[in-house]
Amino acid sequence: MIRLTRLAGILAAAALLAFGAPARAAAGDDAGPAMGSIIEMMISPSAPMPAQLIEPPVLEQQVTEGKLPPMAERLPEVPAVDDVVGPDLSPGRYGGSWTMLVGRPKDVRMALVYGYARLVRYTRDFSFEADILREMDVEDGRIFTLHLRPGHRWSDGEPFTAEDFRYYWEDVVNNKKLYPAGPPRELLVDGEPPRFTVIDQTTIRYEWSKPNPRLLPAIAGPLPLTLYRPAHYLRQFHERYADPDKLAAMIEKRKQSSWAALHNRMDTATDFSNPDFPTLQPWRLLTAPPAVRFLVERNPYYHRIDLNGRQLPYLDQMAIDIVDGKLIAARAGTGDALLQARGLDFTDYTFLKAGEKRADYKVTLWRTGRGAHLALYPNLNARDPGWRALFRDARFRRALSMGVDRHEIDAVLYYGLTIGGGNSVLDESPLSRPGYRKVWANHDVDRANKLLDDMGLDKRNERGIRLMPDGRPLELVIETAGESTEQMDVLELLHDQWLQLGIKTYARPMQRDLFRNRIFAGDTLMSVWFGMEAGLATAETDPWELAPVSQQSLQWPKWGQYFETGGRSGEAPDMDKPEQLLALYKDWTVAPSSADRARIWREMLAINADQVYTISLVAGVLQPVVANRRLRNLPDRGLYNWDPGSHFGLYRPERFWLDN
């Protein structure tokens, strides 16, 4: 196996996640050494090249008929040889289909998330290792030299070379018609783009004048920053390369407004919706949308083999069924999925457990890594001026948080198995401090009511509901994507709890895209969604969730949009603390050492905890995982986390196999 040597101080402390590890690093040990030294990368094979290669039976006929080269000609010159050694691991056999259930067509991209082939990826202890790359050299945290595997090919058999990186850099992200805002922020350091150099056909270099701590986490993520594109495929849609008449005909046929719109539609690097788009993932898409079942078949040019000479993945295909999200638990409980966690909630556990023997699966509970399982997001950019003024008052947010009885939510819905506290890093994070999760998170109705009274919200109507300064009753609509009953159950308990504060709530479920668009537009007053993803953060984790730098932050979407677009859209922050958080975030992106980044993280965590921009409802909820009893190389107990982790991706699904 080609490994990227572990980076000193980068995410190493996240190894505390291992079961039985200490809950916290020793004082002073979490920051690690500064990134001012050369960090060398090395090739360290984990298994020798096998003496023979075993062709997947499903491909044998194509090889015999000459439609596909034999495996020896499909693999890179230096394939990654996986020894499949470790707890609960064993070399597998070919065959089988991974059936899974998703609630919307867009979620077909989970094949990309779970496939988890990345230039550089996370290991189980959350260090980095080379994957698609043969190796990577990182010097002073600012010079990244990428070494490709000679002979590596896309899923259509075309060579994967430095040209695919050049095309992405020069012809995509630096083309104003395709990327009006310019390169992604992960490729900018204090506004500075990298100096990009093609050294040869298998070597590329990105160089900044200052360290770039965001690059490796971005390219190792669940929906990764993909620094390359299949140039041989996309050139036909690019005005610089395509025949003008043919391009015009394709624009008309596909009913697009321009060549750029056509190119963007066909460039599906992160949404997995175009069967013609070549991939480097273990599986490639077969079915074009719209459909209710999407088939994803093995990539015959995948770069990994096992020590016995079998090409990964072991499973020949995925079958992804689009179903009503409310039916996923019922379908999983009848054995309709080989492996399923998405769409399942802890509240489904009892039902799923009852069907184990009947449907020949087992259900286990995995830990999660979010700062909160569910949290409320008051929209500080709401259109309504009355509610916007209330949400921007820290006293109001603090009162709402203290009005949440997290112990009751835990006891009624989660059997006393969750943890309390605010929406902040978990105790396992080396950045954690006791106050982050406790401040303003204790249930104290008297204190919450006093804060509301002190704000001048001391008048009530005949039903006991407080009145806003403009005379309207404090009746708050909380919007939800409505994809499970769990959120509605929690909001029902919250309704009664906040009545004790003189605030009446209404829950409004809706389709996810509408849900997000209403928040972005400022029409939503408050939303419920998952808590911060970076519950297990280290100093090297991007603290974007703590500052107004992304439209996806539901508490300040317009401020985030303003940052993302360089001021072309959205609204500039106009509150002191968010402006301070924004300045700290910018400081983090150029901090010279891990110790400096840890210090900035903690300052941002302290501000967020005190200001309560998001309100935790419940945390530490376990995730049900349903797996067919014949499925091998899946751990009984794992970590189910989006980033880092890519859900099942962390456990290398190309190694999953069926024992018949």
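Values quoted throughout were computed directly from the atomic coordinates according to the rules given, and no laboratory measurement underlies them. Predicted model, so just to flag it, every value in this text is computed and none were measured. Here the Cβ is made from the backbone with ideal geometry for all residues, glycine too, and neighbour counts use every protein chain on show.
For the chain, the longest stretch holding no GluC sites (Glu not before Pro) located in a DSSP loop with at most 11 other Cβ atoms within 10 Å is which? The answer is 78-461. The Cβ shell under 10 Å around residue 81 holds other residues with a net charge of -2, Lys and Arg each +1, Asp and Glu each -1.
This model, with +1 at the C-beta of Lys and Arg and -1 at the C-beta of Asp and Glu, gives the chain a dipole about its Cα centre of some 760 debye.
Packing, as the average of other Cβ atoms within 10 Å across residues, places the peptides 513-520, 335-342 in the order 335-342, 513-520, highest first.
Ignoring lysines fewer than eight residues from residue 353 along the same chain, the ones with Cα atoms less than 21 angstrom from its Cα are 326, 362. Once Rg and the Kirkwood radius are both taken over the C-alpha atoms of the range 374-618, their ratio Rg/Rh works out to 0.96. Beta-bridge orientation, the chain: approximately 70 percent antiparallel, per DSSP, counting only bridges with both partners inside.
Think of the range 374-618 as a dipole: +1 on every Lys or Arg Cβ, -1 on every Asp or Glu Cβ, centred on the Cα centre; then among 415, 457, 543, 457 lies furthest on the positive end.
Find how much the distance from residue 521 to residue 195 grows on full extension, using 0.36 nm per residue of separation minus their present alpha carbon separation; answer in nm with one decimal.
113.7 nm
Ranking 534, 618, 473 by how far each Cα lies toward the positive end of the dipole of the range 374-618 (charges on Cβ) leaves 473 at the top.
By the gyration tensor of its Cα atoms, with a ≥ b ≥ c the square roots of the eigenvalues, what is the shape of the range 602-660: rounded for a/c under 1.5, prolate for a/b over b/c, or oblate? Prolate. A simple spin-label model places pseudo-atoms 7 Å from Cα toward Cβ; at residue 158 and residue 246 they are separated by 1.1 nm. Sorting 493-500, 209-216 by average packing, meaning the other beta carbons within 10 Å per residue, from highest down gives 209-216, 493-500. Other residues with beta-carbon under 9 Å from the beta-carbon of residue 99 carry, at +1 per Lys or Arg and -1 per Asp or Glu, a net charge of -2.
Put the Cα centre of the range 421-435 next to the Cα centre of the range 46-90 and the gap is 44 Å.
Count charges around residue 324 for me, please; just the other residues with Cβ under 12 Å from its Cβ, Lys/Arg as +1, Asp/Glu as -1. Once all neighbours under 12 Å are counted, the net charge is +1. Take every pair of alpha-carbon atoms less than 8 Å apart whose residues are at least six positions apart; their mean separation over the length of the range 374-618 yields a relative contact order of 30 percent. Here's the picture: a label point sits 7 Å out from the Cα of residue 393 along the beta-carbon direction, and within the range 403-431 the residues with their amide nitrogen under 20 Å of it are 403-404. Separation of the range 551-579 and the range 294-353, taken as the distance between their Cα centroids, equals 38 angstrom. Computed from the alpha carbon positions, the gyration tensor of the range 184-278 leads to an equivalent ellipsoid with semi-axes of 30, 16, 13 Å, biggest first. Dipole orientation for the chain: of the candidates 283, 128, 363, 363 has the Cα lying most toward the positive pole (charges on Cβ; Lys, Arg +1; Asp, Glu -1).
Pairs spanning more than 21 Å between alpha-carbon atoms, out of 177/255; 177/246; 210/586; 210/577; 450/504; 558/586: 210/577. The distance between label points at residue 630 and residue 467 comes to 6.9 nm (points 7 Å beyond Cα on the Cα→Cβ vector). For the pair the range 600-631 / the range 251-277, the C-alpha centres are spaced 36 Å from each other.
What residues of the range 604-619 lie in the reach of a label at residue 454, counting those whose backbone N is under 16 Å from a point 7 Å from the Cα along Cα→Cβ? The answer is 610-612, whose backbone nitrogens lie closer than 16 Å to the label point. Between residue 577 and residue 637, full extension at 0.36 nm per residue minus the direct alpha carbon distance yields a gain of 17.6 nm.
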